[in-house]
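Beneath this line is the structure, given in structure tokens, with notes to follow.
The values are calculated or read from the model by the stated rules, or taken from the named source; none is laboratory data. No experiment lies behind these values; they were computed from the predicted model shown. Quick reminder, even Gly has a Cβ in these numbers, built from the backbone with ideal geometry, and neighbours come from all protein chains shown. Each accessible area value is taken on the protein alone, full model and side chains, heavy atoms only, with ligands, DNA and RNA left out. Shrake-Rupley method; radii C 1.70, N 1.55, O 1.52, S 1.80 Å.
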Amino acid sequence: MDQEGMAERTPWEIVLPDESATEDLGRFLAEILRPGDLVALSGGLGGGKTTLARAIIREIVGDPELEVPSPTFTLVQPYEGRNGQAVVHADLYRLRGPDELVELGFDEMTERAIALVEWPDRLPPRHGPTLAIDLSLKPEFGDDARLVRLIGGGGLGGRL
């Protein structure tokens, strides 16, 4: 198996000691993401999914103070980054069914955008560059510590 194939299958596990480290990871990831990429953010409530998404969006937009609300009630929130690069932040927790994604125009909105999706298990199967990120609280490493597991697919593993 070539190195690219190995990178696609090898999970990366990182302990993030606090929220600041989660934001640092988001800024790093923003540098390697490209239009058409899907970042699938999984983990329990309070695991850091929105914190990570906010850091990615702020870095792509180029505004560290940008107000980035959780899209819990709007379901999908688009942003325009530097150089016109589109970013879509979606929280599918309240999604009632796949028809709702069609009504929202999700496919059209994310076709040429970086898509950050919380609760991605509610998405239909997808092909293409995907970065699966699972965040879990790890109090044994500190009060605000999280374990992050990253798995890249469709070429994203090689970029990590």
Tabulated pairs, segment 140-160, first among the acidic types (Asp, Glu) and at pLDDT 80 or above, second open to solvent by 10 Å² or more (accessible area, probe 1.4 Å) and part of a loop (DSSP other than H, G, I, E, B), C-beta under 7 angstrom, 6+ apart or interchain: ASP144/ASP18
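Okay, residues lined up against (1) out of contact with any helix residue (DSSP H, G or I) (no Cβ under 6 Å at 6 or more places or on another chain); (2) of a type in the set (Phe, Trp, Tyr):
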| residue | (1), (2) |
| --- | --- |
| ALA53 | yes, no |
| GLY81 | no, no |
| ALA86 | yes, no |
| VAL102 | yes, no |
| GLY105 | yes, no |
| TRP119 | yes, yes |
In segment 25-45, what residues are open to solvent by less than 30 Å² (accessible area, probe 1.4 Å), assigned to a helix (DSSP H, G or I) and more than 14 Å from ARG146 (Cα to Cα)? LEU29, ALA30, ILE32
Residue pairs qualifying under the 7 Å Cβ cut-off, at least six apart or on distinct chains, with the first in segment 50-65 being in contact (Cβ under 8 Å) with a residue 60 or more places away in the chain and the second being part of a helix (DSSP H, G or I) and of a type in the set (S, T, N, Q), are LEU52/THR22
